[in-house]
2 protein chains.
Amino acid sequence: MSETAGARPMRADARRNKERLLAEARVAFAARGTGASLEDIAGRCGLGIGTLYRHFPTRQALLEAVLFEQFSALAVSGRDLLHHRSAREALITWTRAFVSTTTTYRGLTATLTATLRDRTSELHASCEAMRDAGAGLLARAQRAGGIRPDIEATEFLTLISGIAWAHEQATSTDHPGQLDRLLGMVFDGLTPTGNGHSSPGKSS
Amino acid sequence: MSETAGARPMRADARRNKERLLAEARVAFAARGTGASLEDIAGRCGLGIGTLYRHFPTRQALLEAVLFEQFSALAVSGRDLLHHRSAREALITWTRAFVSTTTTYRGLTATLTATLRDRTSELHASCEAMRDAGAGLLARAQRAGGIRPDIEATEFLTLISGIAWAHEQATSTDHPGQLDRLLGMVFDGLTPTGNGHSSPGKSS
DNA sequence: GTACCATACGGAGGCAGGCTCCGATTCGCC
DNA sequence: GGCGAATCGGAGCCTGCCTCCGTATGGTAC
């Protein structure tokens with residue numbers, strides 16, 4: 001993810017600075033959300049804002065660098081969970097990991113959904129890989145009969161992103177077990193077995 | 001909602017300008033979200049930014065003025081729906097209206113949840129009235145056995161705010177019937193009758 | 001009808017943060 | 001050690017928020 005292959009390697013000072021910026025960005029995004037001031041990040045490294053922009057031409061690029069491992073990890077864990085004995089449990093486990101990752105940095109949920117729609121973003125590829133991992137788990141759970149067959153991957157991601165967002169808003173303000181309870185209800189709604197009531201009709 | 005009772009009435013020019021600002025704000029918030037530039041709104045009225053701030057000392061105050069009727073309408077409709085024959089249907093109907101209102105202006109969902117937590121905000125009262133209307137409908141549906149008894153009003157609002165947010169993000173990008181489908185699934189999850197699966201266990 | 005002043009207006013200006021551009025500096029190869 | 005490419009730094013321009021105060025004007029009292 002650093003230097004373009006084939007090109008001459010980065011100068012030592014540049015490499016050093018890039019690492020420092022990355023480390024500082026991780027801290028700043030966690031503490032102040034994805035909207036943290038970039039000038040502040042550069043300042044904390046003792047570097048000028050120009051240097052930050054040289055290494056990361058956009059906020060998205062910096063975010064991408066910071067989130068790359070986490071999104072990849074989610075993609076990998078998604079593929080691993082494909083071998084879990086219970087397809088439904090696997091999906092639930094992954095979902096919890098998803099929510100937990102996306103709520104690490106305040107504002108990430110919004111960035112994520114925006115990024116999935118913007119194929120020009122530097123973050124797009126990682127997001128997509130992660131989403132596909134989730135889609136695989138969903139499909140398997142549906143084939144196994146653990147999840148209703150009429151929900152689509154994109155829709156599922158939209159739904160759990162909404163939950164993640166809601167959780168992000170309420171963080172620490174409300175009851176601690178809230179996330180588990182919310183996810184529990186959502187998954188109850190995703191269960192294929194009959195329920196006494198019909199879903200709300202088409203809009204009147 | 002305008003001039004303080006007892007005080008001398010507003011000067012005619014001031015009243016005129018306030019109306020113009022309000023009208024322009026409605027347009028701007030709808031077009032560019034709740035973060036629309038206030039200088040721009042004033043400019044479109046041919047007024048200085050100082051004039052806008054004189055009438056609406058904060059962005060919240062302006063939003064409050066714009067949203068007051070809509071939130072009140074939601075509160076009123078909530079109270080009316082208390083007499084609907086089906087408690088569950090009433091809640092679903094209200095929820096749909098809630099989502100539809102909060103997605104009128106991009107960013108409103110976020111503003112709303114923030115406002116419910118900030119009792120100093122000018123918008124707080126209207127938000128609370130609306131929330132209480134929803135809570136009443138929820139309680140009734142629970143008593144009637146249409147909704148699981150173990151969800152609490154705040155939690156319910158968090159949940160549907162998440163859906164509203166997700167819908168707001170996806171607006172017009174994704175499939176048109178999506179909102180109904182999402183709400184349908186959520187309400188299936190809120191149904192008290194048995195479901196074959198247990199909710200996800202406590203975090204490992 | 002005019003004079004007065006409370007009320008209202010306008011926008012300059014200070015602040016913050018994003019991003020660009022280019023002269024100054026430094027690395028590291030020869 | 002010297003030179004040129006690579007890198008750095010921050011001034012500067014932009015947008016937007018909000019405050020403050022000198023200027024203008026509506027409307028009332030006479």
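Here, each number is a calculation from the coordinates, and none is a lab measurement. From a predicted model like this one, the values you see are computed outputs, not experimental measurements. Cβ sites come from the backbone with ideal geometry, for glycine too, and all protein chains shown count toward neighbours.
A few notes on this one:
- Rough spin-label spacing in nm, given labels placed 7 Å along Cα→Cβ, for A:Ala23 and B:Ala61: 4.7 nm
- Between A:Glu89, A:Glu155, A:Glu24, the Gaussian network model of chain A with springs among Cα atoms under 10 angstrom shows the greatest mean-square fluctuation at A:Glu155.
- The mean sequence distance of close C-alpha pairs (under 8 Å, at least 6 residues apart), as a share of the length of the stretch A:11-57, puts its relative contact order at 35 percent.
- Top positive-direction residue, dipole computed over the stretch B:1-80 with Cβ charges, set B:Gly50, B:Gln70, B:Leu21: B:Gly50
- Gyration tensor (alpha-carbon) shape descriptor, the stretch B:43-195, a/c threshold 1.5: prolate
- Charging the Cβ of each Asp and Glu at -1 and of each Lys and Arg at +1, and nothing else, the dipole of chain B about its Cα centre rounds to 320 debye.
- Simple Cβ-charge dipole of the stretch A:11-57, Lys/Arg +1 and Asp/Glu -1, about Cα centre, in debye nearest 20: 200 debye
- Placing unit charges on the Cβ atoms only, positive for Lys and Arg and negative for Asp and Glu, gives the protein assembly as shown a dipole magnitude near 300 debye about its Cα centre.
- Stokes-Einstein diffusion for the stretch B:11-57 at 4 °C, viscosity 1.567 mPa s, with a Kirkwood radius from C-alpha pairs, works out to 124 µm²/s.
- Separation between Cα centres of the stretch A:122-167 and the stretch B:121-185, rounded to whole Å: 22 Å
- Exposure proxy order (Cβ contacts within 10 Å, fewest to most) of A:Arg117, A:Arg106, A:Arg131: A:Arg117, A:Arg106, A:Arg131
- For chain A, adding -39500 (n - 2.57) for each run of n ≥ 4 DSSP H residues and dividing by the number of residues yields -21500 deg cm²/dmol at 222 nm.
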